[in-house]
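Bear in mind that the values in this text are calculations on the coordinates, not laboratory data. The structure presented is a predicted model; accordingly, all values stated were derived computationally and were not measured. Neighbour counts are summed over all protein chains in view; Cβ atoms, including those assigned to glycine, are modelled from backbone coordinates with ideal geometry.
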Amino acid sequence: MRYRNTWAEINLDAIGYNIQQLKKLLPDGHKVMGVVKADGYGHGSVQVAKTALDVGVDFLMVALLEEAVKLRENGITAPILVIGRVPTSHAHVAAKHNITLTVFQAEWLKKIRNAEFEEPLSVHVEFETGMNRTGICTTEDLKTVVDEVNQLDHVQITGAYTHFATADEIESALFDQQRKRYDELLEALRELYPHPLMTHVGNSAAGIQYSDQMLHYTRFGVSIYGLYPSHDIRKLENVDLKQAFSLYSELIQVKKIKAGESVSYGATFTAEEDTWIGTVPIGYADGWRRKLQGFHVLVNGKKMPIVGRICMDVMMIKLDKEYEVGQKVTLIGEDNGAMIEMDDVAKHLDTINYEIPCMLTSRIPRVYV
Ligand SMILES: Cc1ncc(COP(=O)(O)O)c(C=O)c1O
């Protein structure tokens, strides 16, 4: 049940379209892994996953075991990889739900030596190739991991992956080094562990820029939501993406204030002339950050500035004329031929587009179209 008149609209057709465009970049037989961590980058993981599976995606990726179990509880049976380090005490949950975990430490495996699983646990090993976040750093460490797996009947390595630090920059030397290092570690793994392995190295930026180097799967995240991973990648103009997330609200009060009157806490905005002010029911408790003061929204396709401090639940905008209470306000998305992109909001906040849908809290209902 939705009572409030502020909502995010998620266009699932756009997500399907984006996946199809991304797929076209990849060589034949190479596949898309749908990244739906962080509740599908704030779009809703279950709905996004179902859309992705409908257009042929057959592998999903999340960061947390909780996120994977949520997909299972919502009827999703496709393979799921968890990239975060899951505490060993919960490994049996992954095995029970047929969820693949990431392993990069022999110690982790030692701790589950005596565990009893309903089903064997599938793991992908992560190689540390230059990101210096998580992963197996050396062939010696890889050997200790494989030796341990070889002693365990209830654990199988089914894949090997890495993650790039600079794939969103054009022609990065670090990318080349990481890609080479991955191949070295993969070769060592194949010798130590002669079983079929699923290989995957890249995220959206890598998949868009280096599509011929992505191996079995590309882990497309931000791009399936219609957002480009960076300005540089957007400029390549080799894939057309449609932003799937829009954010709307409505005016709940419209009034004319007199010249000299101010708006909101701290009276940081003072009207220079008699001014129409509209109140919009969204605030920083919804993740609509106070720093967005000075940014704008769209009313009837026209930019209206956000004036005065943003409150916890509401904010005020300066209107060009009187509007009715109930007038639609577009905070992100298209309105009468004008558009506020996720990138515009990110630029104002001096951050990346990834952060914007993630920061908008669950107080904002997601409506699917
Ligand atoms: C290991 C890994 N793969 C893939 C992705 C997806 O990245 P993107 O959203 O840039 O496509 C992420 C995101 O952080 C990640 O950590």
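As for region 145-166, it holds no residue that is acidic (Asp, Glu) and over 27 Å from Ile99 (Cβ atoms). Taking region 331-351 as the range and being touching a helix residue (DSSP H, G or I) at 6+ places or on another chain (Cβ under 9 Å) and surrounded by fewer than 14 Cβ atoms within 10 Å (Cβ to Cβ) as the test, only Asp350 passes.
Of everything listed in (1) surrounded by fewer than 22 Cβ atoms within 10 Å (Cβ to Cβ); (2) of a type in the set (Ser, Thr, Tyr); (3) closer than 30 Å to Asp313 by Cβ, the single unmet condition for Ser45 is (1). In region 149-177, of all residues being among the acidic types (Asp, Glu) and within 18 Å of Ala206 (Cβ to Cβ), the one that is surrounded by the fewest Cβ atoms within 10 Å (Cβ to Cβ) corresponds to Glu171. Given the condition under 20 Å from Ile252 (Cβ atoms) and either of a type in the set (Val, Ile, Thr) or free of Cβ contacts under 8 Å to residues at least 12 places away in the same chain (or both), answer yes or no: does some residue in region 289-297 qualify? Taking every residue of region 289-297 in turn, at least one turns out to be under 20 Å from Ile252 (Cβ atoms) and either of a type in the set (Val, Ile, Thr) or free of Cβ contacts under 8 Å to residues at least 12 places away in the same chain (or both).
Residues checked against (1) within 25 Å of the chain's Cα centre (by Cα); (2) assigned to a strand (DSSP E or B); (3) within 16 Å of the ligand (Cβ to nearest atom); (4) touching a residue at least 40 places away in the same chain (Cβ under 8 Å):
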{"site": "Ala259", "(1), (2), (3), (4)": "no, no, no, no"}
{"site": "Glu272", "(1), (2), (3), (4)": "no, no, no, no"}
{"site": "Trp276", "(1), (2), (3), (4)": "no, yes, no, yes"}
{"site": "Lys303", "(1), (2), (3), (4)": "no, yes, no, no"}
{"site": "Glu322", "(1), (2), (3), (4)": "no, no, no, yes"}
{"site": "Lys347", "(1), (2), (3), (4)": "yes, no, no, no"}
{"site": "Cys358", "(1), (2), (3), (4)": "yes, no, yes, yes"}
{"site": "Arg363", "(1), (2), (3), (4)": "yes, no, no, yes"}
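Within 26 Å of the chain's Cα centre (by Cα) and either within 16 Å of the ligand (Cβ to nearest atom) or touching a residue at least 60 places away in the same chain (Cβ under 8 Å) (or both) - does that describe any residue in region 111-124? Looking for residues that are within 26 Å of the chain's Cα centre (by Cα) and either within 16 Å of the ligand (Cβ to nearest atom) or touching a residue at least 60 places away in the same chain (Cβ under 8 Å) (or both), one finds at least one in region 111-124, hence yes.
Restricting attention to region 178-213, the residues being part of a loop (DSSP other than H, G, I, E, B) and surrounded by fewer than 23 Cβ atoms within 10 Å (Cβ to Cβ) number 6. Regarding region 149-170, can at least one residue be identified that is farther than 21 Å from Leu189 by Cβ, more than 26 Å from the chain's Cα centre (by Cα), away from the ligand (no atom under 13 Å from the Cβ) and not in a loop (DSSP other than H, G, I, E, B)? No, every residue in region 149-170 fails to be farther than 21 Å from Leu189 by Cβ, more than 26 Å from the chain's Cα centre (by Cα), away from the ligand (no atom under 13 Å from the Cβ) and not in a loop (DSSP other than H, G, I, E, B). In region 41-65, of all residues being farther than 17 Å from Gly226 by Cα and within 14 Å of the ligand (Cβ to nearest atom), the one that is farthest from the chain's Cα centre (by Cα) corresponds to Phe59. Restricting Ala38, Ala95, Ala68, Ala78 to residues that are part of a loop (DSSP other than H, G, I, E, B), farther than 20 Å from Asp13 by Cβ and either of a type in the set (A, V, I, L, M, F, W, C) or more than 16 Å from the ligand (Cβ to nearest atom) (or both) narrows the list to Ala78. For region 115-127, a residue qualifies if it is touching a Ser or Thr at 6+ places or on another chain (Cβ under 7 Å) and of a type in the set (Asp, Glu), and exactly one does: Glu126. Close Cβ contacts (under 8 Å, 6 or more residues apart or on different chains) running from residues in region 221-245 that are farther than 13 Å from Pro357 by Cα and near the ligand (Cβ under 8 Å from one of its atoms) to residues that are charged (D, E, K, R) and assigned to a loop (DSSP other than H, G, I, E, B) comprise Pro229/Asp168. Checking each residue in region 278-291 for being in a loop (DSSP other than H, G, I, E, B) and among the basic types (Lys, Arg) picks out only Arg289. You will find that of Leu60, Leu26, Leu12, Leu53, the residue that is under 20 Å from Tyr217 (Cα atoms) and touching a residue at least 60 places away in the same chain (Cβ under 8 Å) is Leu26 and no other. Of all the listed residues (Leu109, Leu22), the sole one being within 20 Å of Pro229 (Cα to Cα), of a type outside the set (Phe, Trp, Tyr) and in a helix (DSSP H, G or I) is Leu22. Among the residues making up region 119-140, those that are charged (D, E, K, R), in a loop (DSSP other than H, G, I, E, B) and under 14 Å from Gln178 (Cβ atoms) are Glu128, Arg133. Exactly one residue among Val280, Val254 is surrounded by fewer than 19 Cβ atoms within 10 Å (Cβ to Cβ), away from the ligand (no atom under 16 Å from the Cβ) and β-branched (Val, Ile, Thr), and that residue is Val254.
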